[in-house]
Structure formats: structure tokens, C-alpha cells
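What follows is a set of notes on a single structure, which appears directly below.
Read-outs throughout are calculated quantities, based only on the coordinates presented, and are distinct from any laboratory measurement. Values in this document were obtained by computation on a predicted structure and should not be read as measured data. With ideal geometry, Cβ positions are generated from the backbone for all residues, glycine too; neighbour counts draw on all protein chains shown.
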Amino acid sequence: MSDQECETRDRKETSMLQPNRESLEVTINKIKKNEILLPDFQRQFVWKEEEMQHKLVASVLTKMPIGSILLLKSKDAHDYSCKPLGAKDPIPSEQLPSGAVEFLLDGQQRMTVLANVFSDAIFQLTPQSNNLIAPSALKRRFYLAVPKYGNDAFPDLFGLHSLSFPMRTPDSDEPEFLTQDILPFIRVVPFNVKRDNGKCYNPYSRPIPRMLSELETYCPSVEDGWSYIPLYLLVENETISLNHTTLNNIIVSIAKSVSTAKQLTLNEMLNAGQINNARTYITNNLDKDLYNGYFEPACFEDSSTSVSKEFTKVLEIQANTWASKMFSYLKSCISQINLSQISLEESQRARAIDIYENLNRGGVSLDIFDLIMARVAQATPEPFYQRLEKCVSSGSGYPAANISSAAVKKAFQAVSAQGNYHASESMQCYNSDKNEFPKVYLETFLNILSLICYNGCRGCYTVEHLKRQRKLSLTAKQIDSTCERCCQAIDRACFFFQARCGIRTLKEVNYTLMVPIVGYILDRDACYTGENSSAVFDLLEAWYWSSIFSGAYDKDQNQVMINDLNRLIANTDAIVAGDAPDTTWIATRKDDIMGVKGFSDVDFLMLSGAANDEYPKTVLGNTICQYFLAEGYEDLSLDAAGHTVQLTVFSEYAATLQVHHVIPLGSTGSILSSTKSIRNDKKHYLNSPLNFMYITDHANHSISNKSLAEYTQMIPTSAGLNAVGFVGANIDAAATDDMRKAILINRHAAIAQKIKHHINILLP
């Protein structure tokens, strides 16, 4: 690319990322016209609490910044399944607007609230309340409450009582009050669409021309000591051109109630002959300039009627002026406040996700999966999440013959005989309580989806196939037709990781890019249940252990994953054809097992670098525990009935297994206090991954209060320690630090030897 082309590109991208400034009013009008639509991500509306909505409204009414929104331009509304803001169901394809639209990627919560508070847009677009995304949270009318004349318990923020608005040019001036000051003045009235037993605040009606509407009657006297100004009338309703007229009438009525009260007070003074008091009252309650310009002092010499008449005339001017400024101020809150918009061209979909993530650290994450769901919704009416949930709970059949460990196979057959084992469900690929899939599941789904859909590149995949742009280029038909197949591939991968790798849940997979590799390979029936499928499982297991313990995935994971995938495709193709695969690349990794300096060498695992805050990766401690669980071993304690407990990933105790420090810290005190001391001393060599193993919570509880001598005596001679690499270890109260270190060093050698021998058996 030439320098000039680079300059042009950089200038274009810089310009693209400059936020547009658009008034809140203009944005709401776009929403009303369906020019801004929400892609059907099947997200919930979460800003349901009144307090959260109150704070946003207060920000607008004080002309404070209200954040930014992220929009994706499109020439065609049919690009995604989409819905109006506030709606639960998508717009039928035939009812979508023609021409260009903008899809709201970020800002759903904020814009739904703002459109609902300051307009009637939500109910124009979704007239049936049962189709609202959150009916109870949206069937609310927001009002600005102003204290009536005589209610002095609250500050008169807008100068109503004096009929003197505090800002000279309210359409441009900023108020002196802050959001916390105005919060007590925001009122919410819930309503029923069916007029809520005749209450008049929604919708207002004007059955007879030029008569007060029900809302105009309701607002000035809705609450003792208060009058209400309806905020939802600020954006003009195009179908009912009475919004601003009605709003103005209400504000004028509130102002006139003050002038009327003041007029009554003056008349009482005049009727009582209190001329001097009346004079003082008038000068205190009239604007000085208006008083001098309109009020004739001579009227005091004329009659009380003249005084009252002149006072009324000037009060009326003040009331109208206040009402006009109040209206201007409220209108300026939505017309002058600039909503920051980042609007991206449709070619920038992948980039949009990065921008979203940068805008929403710690918030609800936008992912490619959201856009994928919105796209596939065009091809099928069934919600994508429901399809995935159904797949997770259905299972796909599991070849017990491909489980190599006798102990694991026995435990699996016991679970399988009950008829309720589903690998994806067992691996916790779906959280039914939260109604969500873990991120790793969705990422795996997308990676397998991309690999399957671009199957023409099979065996010569590149890192490009893992990138967002490739995935976002998939059509609705491709996504729809491949959905169940992808889920099945993940399910088969879950079975493999449980049966061969000792992994209990998806979140325990140490390198998540390994999951789509296994899923893609086992997607092929010949690799999963075919004549030579057991050899495929052996190959995958050898690859897995050699890769994990050699640190192959410690760096450049995307590239390593693609390289491994292409090699495994070639290897498994050979196995299925009955030929010998070339596994020299796996053998090379095998030689590095437990010997990579700064990753898995014995000195590093014994925390030789702890003084410089260099610690072994948690992946090694996890994997050591998982490796032995994949083989099966006896727990360190008998169960409550005095029976030995066989531990595997399929045992009834699997979900509650706990990581145990095998060698305690010292010879005094309980095992529990010793373990706590180890954990509190991060640099202690007994925090080495070499000191870990899984035990049951029952064993942990049984051990915790015992002394070291009791602990060593209670472990059955046939149990776990020998089986998990502590071969011939003598953990007793007399052991010195050097003796304990020697035990761990010997375990390092035993683990390395065992894994290498295991891989030699697995490889053809």
C-alpha cells in the first residue's frame, strides 16, 4: 500500500470514529420513524428500576451529558432481524422500512428509557402492551413535579412562586441546580393501557375541540402541594399535533394558579382597607421593570378596583412570561443536549465490536454472536438461543468403547445407564438459572461454524478463518443450516474432554482454542464412532497431553491452533483410511514435557523464581490434577460407610472435588491450619503445582482437623498418593524441608515419565 493510500485510509478511519453530535430530540424522532432499529439480539431490558431511570432523566433536565450510542449503518433494513426499541418481537420482514437504516448496537437501555420518558414513541411503535420487552418498566409516565404556590417545604428551582424564571435565556442557559437537586422533583405514575379505571393521564383525550383535555385537568392538581408537567409531550407527536399545545396549556395553567392565588391575597388586603400592606405586597410580587412599565402608581389614589385590575394585568404578563420560559427550558433539554453518536459504515461490523467493548468495560458484552443471532433470525422463526439450549440438553450418543481407562469407562457406564447423561449439559455449557451460555461456548460455536462453512479450505485453514470479519460474512442460510451440527460437534468434544482429559466443566478447559479443534475433528462420524475412531481418540489425547505439558499453547495460540488443526486433519484422514499418520510433530512435543525452562522445568515449578515474582502458570496445577483424574484413583479417605472411593470425572463426587495440598506446611497444628498457612505464603515451595491433587469434600473435611501424624496414618495404602505420582513418598511428621522438597522433585520426574510413557502407548 502506498503512503498516499495509507494516509487516505487513516484519514477515513479517523473521521469515521469522530462522534456525531445530534440532539436527543432528533434521535427520538428517528426512533419514531423506525430509522433507528434494534437488531434482534434477544437481549433483555435491564434498566427496570425507577431509580436508575430517574437518574438518567435528571441528567437530561439539568443538561448534563448522557453518554454515547453506537450505530451501524445499513442500506437495507433486512440485513438483520430487528425490532423497534421497547418491543419484544421483531418486525415482520414485509413490514420493515425501505431504504437505509441505522442499527443500534450500544445504547439500547438508555435510548429505550429516553424515548419512553420524553415521547410516546414506544407506544406508537408497539401499541400492544403484551409485546413490550418489559411492560411494567415501560408503562410509566414521567412528570416534573413543581411545588405549588404556598408549598415552601421544597426549593422553588424554577422560580414559580415569584413567577420569575431564574434564567434570562432558558433555551441556552445552563441551570445552577444539579442532578441531585432535581431528583426529588421527578415523579413516575404507572398506568394501564386500558385507561386504568378511568384515570386520565394516559392517554390524554380531547373529545371536544377547544375544551381542556383530561390531562390538562389532571396535572395542575394531581397531588397535594404539587403540580405535574408531563415530560412525554416534549417530542411532538406527528399523528396527534396537540402535544406542545397541551404541554403549554398545562404550564400556563400552573403559572396562572400562582397569579390567581396572589390576586386573592391582594383582594383580601384591599377589602380590609390595608392600602399600605397592599402597596408593599404588590412591589414585592411584581417584577420591577414590569411594575414600572405597566403599573400606574396613581391607581392607589383612585380605587381598590384600579389597583386590583392593574395588579392582575401585570401578573398575567409575568405568568405568561414564566410559562414561556419554562416551556423553552424543557424543550431545550432535549433539543440542545447533544447525544454523542459513533456511526459506522456497514463494512465496519467487526470493528464495531471492538469499539463497543472499549466503550463498555465491565458492561454487558456485545459479541459477534449477537450479530449472528440477529442475522439467522431472518431464516428461522425459532429463537437461536432456544435452539442451542435444546441441543445442549439433547446429547448425541457417546461411544464408551473409545474410553481407554477401565476405571473411567466403568464410571461412565454407570452414569450412562441412568439415561440422563448429556456431555454438553454435564460440562455446564448452559446456565439455566441465568439463561445464558458461557462465553467460551459461544466462541467455540462460532469457530466451529466458521470452519465448517469454509470447509473448502479443509486442511489448509489460516488464522483468517478465526477472525471476526470472516464469521460476520456468513449468510443467514449458512448459519441456520449448520447450527445443530456445530452444537453436536461441541457435544462430542465435551465427551472427549471428560472421558480422556479429566475435565469436568467447560470453564476448566485450560486453552479454549483446543475445543474447536476437537469438535471439528469429531464432527466427522468416521472419527467419532467409525471403525478406527478409537485410534482417533488416542491421537487427540496424545496431542492434548503433549501440547499442554510442553507449553505449546503458551504463546501465539491462534497460529498454533490453526497449524495443529491442519496437521490433525491430515493425521485423522490417514487413520480413517487405515494408513499410519505422521505424528513426529507430537513426538517432538512429547520430548519437552515437564522440561520447558520457565514453564514446566522442575526448578521453576519448585518456585525458584518466586523471589522475583515469577510463578508457574495455574494451567499446570489444573492439568496435573486433571491428568490423574482422567486415569482414575482412590480418594485419600474412606467414605462415611468405610468404603474406598474411586475418583473419576464421572464419579458422583466429581462436581465437588477440591484441590488439596498433599504435603502440609509443618508438623504441628491441624492440616487445616497448615493449608491456610501455605496459601497465605504465595512464595512457599509447597504452593508448587507439584503439591496438588483432587480429593472429595468429605476427605477434605475428614483430614482438615487431623494432625500430620494422623493424616499420614489415615491414607489407605492402596490409595491415591502412589497413583498420582507420589510414588513411595513418606509424608510424616519428622520430614524436613529438604525431604519434602525431594518428594515434590521426585513427583515431577514421575509425572514426566508417566505422561511420556502414556503418549507412547497412545500413538500408533
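When both the stretch 639-662 and the stretch 413-433 are represented by their alpha-carbon centers, they are found 18 Å apart. Peptides 608-614, 305-311 ordered by packing proxy, namely the average of other Cβ atoms within 10 Å per residue, highest first: 305-311, 608-614. For residue 597, the aspartates and glutamates whose Cα falls under 19 Å of its own Cα, not counting residues fewer than eight places away in the same chain, are 554, 556, 613, 614.
Normalised by the number of residues in the stretch 382-591, the average gap of Cα pairs under 8 Å and 6 or more apart makes the relative contact order 23 percent. With a Förster radius of 41 Å applied to the C-beta separation of residue 23 and residue 296, the computed FRET efficiency comes to 0.35. Ranked by the mean number of other Cβ atoms within 10 Å of their residues, highest first, the peptides 542-554, 277-289, 316-328 come out as 542-554, 316-328, 277-289.
Separation between the residue 585 and residue 178 pseudo-spin-labels, each 7 Å from Cα along Cα→Cβ, expressed in nm? My value for the distance between the label points is 6.2 nm. Taking other residues whose beta carbon is less than 11 angstrom from the beta carbon of residue 452, and scoring Lys, Arg as +1 and Asp, Glu as -1, yields +2. Comparing Cα centroids, the stretch 97-162 and the stretch 249-274 end up 33 angstrom apart. Extending 7 Å from Cα along the Cβ direction at residue 89 and again at residue 283 yields two label points whose distance is 7.0 nm. Toward the positive end of the charge dipole of the chain, with +1 on the Cβ of Lys and Arg and -1 on the Cβ of Asp and Glu, the farthest Cα among 550, 483, 465 is that of 483.
Computed extension gain for residue 386 through residue 739, at 0.36 nm per residue and net of the alpha carbon distance, reaches 121.4 nm. Taken about its Cα centre, the stretch 33-91 carries a charge dipole of roughly 160 debye when the Cβ of each Lys and Arg holds +1 and the Cβ of each Asp and Glu holds -1.
First check a/c for the stretch 544-693, with a ≥ b ≥ c the square roots of the eigenvalues of its C-alpha gyration tensor; if it is under 1.5, answer rounded, and if not, answer prolate when a/b is larger than b/c or oblate otherwise. Here the stretch 544-693 falls in the oblate category. Residues whose amide H lies under 5 Å from that of residue 38, counting only those 5 or more places away or on a different chain, are 83, 85, 104; hydrogens are built 1.01 Å from N in the peptide plane.
Given the stretch 382-591, what count of lysine pairs have C-alpha atoms under 21 Å apart, with each pair 8 or more places apart or on different chains? Summing the qualifying lysine pairs gives 12.
This model, with +1 at the C-beta of Lys and Arg and -1 at the C-beta of Asp and Glu, gives the chain a dipole about its Cα centre of some 540 debye. Projecting the Cα positions of 569, 612, 442 onto the charge dipole of the chain (unit charges on Cβ atoms of Lys, Arg, Asp and Glu, taken about the Cα centre) puts 442 furthest along the positive direction. State the label only: which of (1) 58; (2) 53; (3) 62 corresponds to percent of Cα pairs over 35 Å apart computed from the shown model? Structure-derived value, by its label: (3). Per residue of the chain, the DSSP helices (runs of n ≥ 4 H) give a summed -39500 (n - 2.57) that works out to -15000 deg cm²/dmol at 222 nm. Between residue 680 and residue 130, full extension at 0.36 nm per residue minus the direct alpha carbon distance yields a gain of 192.5 nm.
The eigenvalues of the Cα gyration tensor, multiplied by 5 and square-rooted, give the stretch 475-568 an equivalent ellipsoid with semi-axes of 21, 17, 13 Å from largest to smallest.
Taking only the Cα atoms of the stretch 382-591, the ratio Rg/Rh comes out at 0.94, with Rh defined as the Kirkwood radius.
As a length-normalised measure over Cα pairs under 8 Å and 6 or more apart, the relative contact order of the chain settles at 11 percent.
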